[in-house]
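The values are calculated or read from the model by the stated rules, or taken from the named source; none is laboratory data. Given the structure is predicted, the values throughout are model-derived calculations rather than measurements. In this analysis, Cβ positions are derived from the backbone assuming ideal geometry, glycine residues included, and neighbour counts consider all displayed protein chains.
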Amino acid sequence: MPDEAQPTTKSMDDIMALCKRRGFIYQASEIYGGVNGFWDYGPLGAQLKKNLRDAWWTDVVMKGCNGKPGPDGNPVSIVPLDSSIIQNPKVWEASGHVGGFNDPMVDDKETKQRFRADHLIGVYVSIPFESVEQFQVLQEAGQNIASPEVNVVPDKTIVANSSHEAVELLTDRKLQKLLGIRSFQPFANDTNGMVLGRIDAGSGERICEFRSIPAQTLELHASSVPSPFTGKAGSLTTPRAFNLMFKTVLGATGNAEDNTAYLRPETAQGIFINFKNVVDTTRVSVPFGIAQTGKAFRNEVTPRNFTFRSREFEQMEIEFFCHPDDSKGWYTFWRDWRMQWWQDLGLKGDNLILREHDSDELAHYAKEGAGTADIEYMFPFTAPGYGELEGIADRTNFDLKQHAEHSKTKLDYFDNTRGELAKNGQPKGERYLPHVIEPSAGLDRGVLALICEAFTPDENRPSGVYMKFHPRIAPIKAAVFPLVKKDGMPEIAEPLYNELRNRFGHLGTIEYDVKQSIGKRYARMDEAGCPFCFTIDSDTLTDNTVTVRHRDTLDQERIAIDRVADFLANKLGV
Ligand code: GAP
């Protein structure tokens, strides 16, 4: 975390309540009690999501990185694709998903709850609190107070994404009671991302440390590790590999075994298996990218944190094919451009970071030395840590190689701009399997980050909060309000509404509302994140001007009614 970064003080409960209240996001199947890991987008959420997807599509595909030249100095060439969610099951064998797309899963036999082994955070209760000075000496000397040799098995466990989230959960009185904890107070973050606190777990105040439980501990000591649900040892199973792909059965006949297919866990493979089609049927030449957006499905063991980890979600992926010698330059280009893109949409400051992976984090397709970075956002539930929004990976030629081998199809590329020069002075050409740089973003995580960033508590306005969306992605672009439903005001407001709708309707909603007091209507627009409201009042009747209300500053100004459309075009940058 950068030194100056401040943990966000926004409450996830407040954000989720606003999402429900204003129709951004609903629980899927809510009237039937919901279904874990699935979400529905309401009218505002669906438009916000479309605006984000459109911004990506326009800037990446249609404008080729907004016209920024690639590292070779040429315009970036990208073509779109829309591949099937279900493909031949061999695709997933070749990609490594059938054999390797697993999460380690642990069951609690007593409560029948299931969770990801790598999400089990251990609370290691250590030295008595009076020895705090001694602890500080040890810490300054760079020693962990509860090293595995001292404390192999944790005293308590909690299911959470990070030590920080575990600490937050443990401030809940109900959980404390369940786990037999009398009091708990966090007091320091140590340098390794661990969190320390003072705890009374029944034998007086002591220092405790939160940290991930090594996989080996769970393998060897599962029966001694206390359950995160009851606090008692003896009910946890050893971790088992759980494949995250959703299975389905094709057709009405045949047995399930023979007709098993999978819902895609990433959109990327649809691109790789169409590489040859695109090269053969269009005029693209390497370096070029194929981009697609679409749903992906993962049977996450523990879906959590609102839409952050869902079982159905949408991705925005680019597979950029280049010569192996050029992959480093293209990796750096994409990594930096994608970071800039999110910043331009409003994810600014210390809430957004670019983090290069350590070598022990590399995915199965990424080779040592090939770059992998994450663009990460400080969500309220990860603060002061960060959660992944987009990954940028140098996938080398792993996927094309796998598909070439498994499908027995030649996927190498003949590049007539390379190779030795022939007698006529022209290159002889070179045949190679391109390397791939993959910027892979989550659309739902993007929407969630934009919602969290936009959420701005403000006790000075009636709504108590407003959504400070960048006008480009705001779901409602403008509202037209007759001050009252009489005196000829609606008759003036309606044609203005129709004019704005015709001109800007492809970008988002134009709202028209005559009901309730103007204060209540403004408050509703603040919560929806509408950047501009145009109000027709008694002055309009005499001087043909309207009031423009600016969401962020609350400033009001008057402009001529026939200038409203151009004013909005200017503000929306269209
Ligand atoms: N093709 C590469 C790939 O799929 P990934 O890191 O597994 O890489 C890419 O996923 C992005 O998809 C992530 O950065 C995240 O934004 C999003 N994503 C992954 N799993 C998700 C889930 N369960 N729920 C919501 N978004 C998810």
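Scanning the stretch 405-431 for residues that are within 14 Å of Lys276 (Cβ to Cβ) and touching a strand residue (DSSP E or B) at 6+ places or on another chain (Cβ under 8 Å) yields Asp412, Tyr413, Phe414, Arg431.
The set of residues in the stretch 333-363 being closer than 11 Å to Ala393 by Cα and at pLDDT below 95 consists of Glu356, His357, Leu362, Ala363.
Residue under question is Ile392, and the condition is that it be more than 16 Å from the ligand (Cβ to nearest atom) and either within 18 Å of Phe24 (Cα to Cα) or of a type in the set (A, V, I, L, M, F, W, C) (or both); does it hold?
When the stated conditions are applied, Ile392 does not pass them.
For the stretch 317-327: of the residues being touching a residue at least 60 places away in the same chain (Cβ under 8 Å) and either away from the ligand (no atom under 13 Å from the Cβ) or within 20 Å of Leu244 (Cα to Cα) (or both), which is nearest to the chain's Cα centre (by Cα)? Talk me through it step by step, then tell me what you get.
Going residue by residue through the stretch 317-327, those that are touching a residue at least 60 places away in the same chain (Cβ under 8 Å) are 317-324, 326-327.
Retained after the next criterion (residues that are either away from the ligand (no atom under 13 Å from the Cβ) or within 20 Å of Leu244 (Cα to Cα) (or both)): 317, 321-324, 326-327.
Values: Glu317: 13, Phe321: 24, Cys322: 27, His323: 30, Pro324: 29, Asp326: 29, Ser327: 25 Å.
Ranking the qualifying residues of the stretch 317-327, first place goes to Glu317.
Selection of the stretch 497-527 for residues being buried (at least 20 other Cβ atoms within 10 Å of the Cβ) and over 21 Å from Phe24 (Cβ atoms) yields Tyr497, Leu500. Could you grab me the full set of residues in the stretch 231-243 that are surrounded by fewer than 16 Cβ atoms within 10 Å (Cβ to Cβ) and either of a type outside the set (A, V, I, L, M) or part of a loop (DSSP other than H, G, I, E, B) (or both)? Of everything in the stretch 231-243, those that are surrounded by fewer than 16 Cβ atoms within 10 Å (Cβ to Cβ) and either of a type outside the set (A, V, I, L, M) or part of a loop (DSSP other than H, G, I, E, B) (or both) turn out to be Lys232, Gly234, Thr237, Thr238, Arg240. Glu420 meets the conditions (1) surrounded by 15 or more Cβ atoms within 10 Å (Cβ to Cβ); (2) of a type outside the set (S, T, N, Q); (3) more than 24 Å from Lys515 (Cβ to Cβ) in every case but one. The failed one is (1).
Taking the stretch 33-45 only, how many residues are in a helix (DSSP H, G or I) and either free of Cβ contacts under 8 Å to residues at least 40 places away in the same chain or touching a Ser or Thr at 6+ places or on another chain (Cβ under 9 Å) (or both)?
Going through the stretch 33-45 one residue at a time, the tally reaches 2.
Candidates are the residues of the stretch 426-443 that are surrounded by fewer than 23 Cβ atoms within 10 Å (Cβ to Cβ) and within 20 Å of the chain's Cα centre (by Cα); the one that is farthest from the ligand (Cβ to nearest atom) is Leu443.
Take Lys408 and decide whether it is basic (Lys, Arg), away from the ligand (no atom under 14 Å from the Cβ) and either closer than 20 Å to Ile271 by Cα or crowded, with 23+ Cβ neighbours inside 10 Å (or both). It is true that Lys408 is basic (Lys, Arg), away from the ligand (no atom under 14 Å from the Cβ) and either closer than 20 Å to Ile271 by Cα or crowded, with 23+ Cβ neighbours inside 10 Å (or both).
Where residues in the stretch 244-286 are assigned to a loop (DSSP other than H, G, I, E, B) and within 14 Å of Ile318 (Cβ to Cβ), which of them is nearest to the ligand (Cβ to nearest atom)?
So the first thing to find is which residues in the stretch 244-286 are assigned to a loop (DSSP other than H, G, I, E, B), and the list is 244-246, 250-259, 264-267, 273-274, 282-286.
Narrowing the set further to residues that are within 14 Å of Ile318 (Cβ to Cβ) leaves 266-267, 274, 284.
Values: Glu266: 4, Thr267: 7, Asn274: 15, Val284: 21 Å.
Applying the filter and picking the extreme gives Glu266.
Between Gly346, Gly289, the distinction of being under 29 Å from Phe24 (Cβ atoms) and either within 10 Å of the ligand (Cβ to nearest atom) or within 28 Å of the chain's Cα centre (by Cα) (or both) belongs to Gly346 only.
Does Pro75 satisfy the criteria of being without any contact (Cβ under 8 Å) to a residue 40 or more places away in the chain and over 30 Å from Pro384 (Cα atoms)? Yes.
Within the option set Tyr331, Tyr377, being of a type outside the set (A, V, I, L, M, F, W, C), surrounded by 17 or more Cβ atoms within 10 Å (Cβ to Cβ) and away from the ligand (no atom under 14 Å from the Cβ) holds for one residue only, Tyr331. The strands (runs of 3 or more DSSP E) found wholly in the stretch 458-553 and carrying at least 3 residues that are in contact (Cβ under 8 Å) with a residue 60 or more places away in the chain occupy 465-467, 476-482. You will find that of Asp59, Asp40, Asp14, the residue that is surrounded by 16 or more Cβ atoms within 10 Å (Cβ to Cβ) and either of a type in the set (Asp, Glu) or assigned by TED's automatic domain parsing to the domain that holds Ile473 (or both) is Asp59 and no other.
Inside the stretch 133-208, counting only strands (runs of 3 or more DSSP E) that do not spill past its ends, which hold 3 or more residues that are at pLDDT below 85?
Ranges flagged: 183-189, 195-200.
Against the definition (surrounded by 20 or more Cβ atoms within 10 Å (Cβ to Cβ) and either at pLDDT 95 or above or in a helix (DSSP H, G or I) (or both)), how does Asn66 come out, yes or no?
Taking the combined requirement at face value, the residue does not satisfy it.
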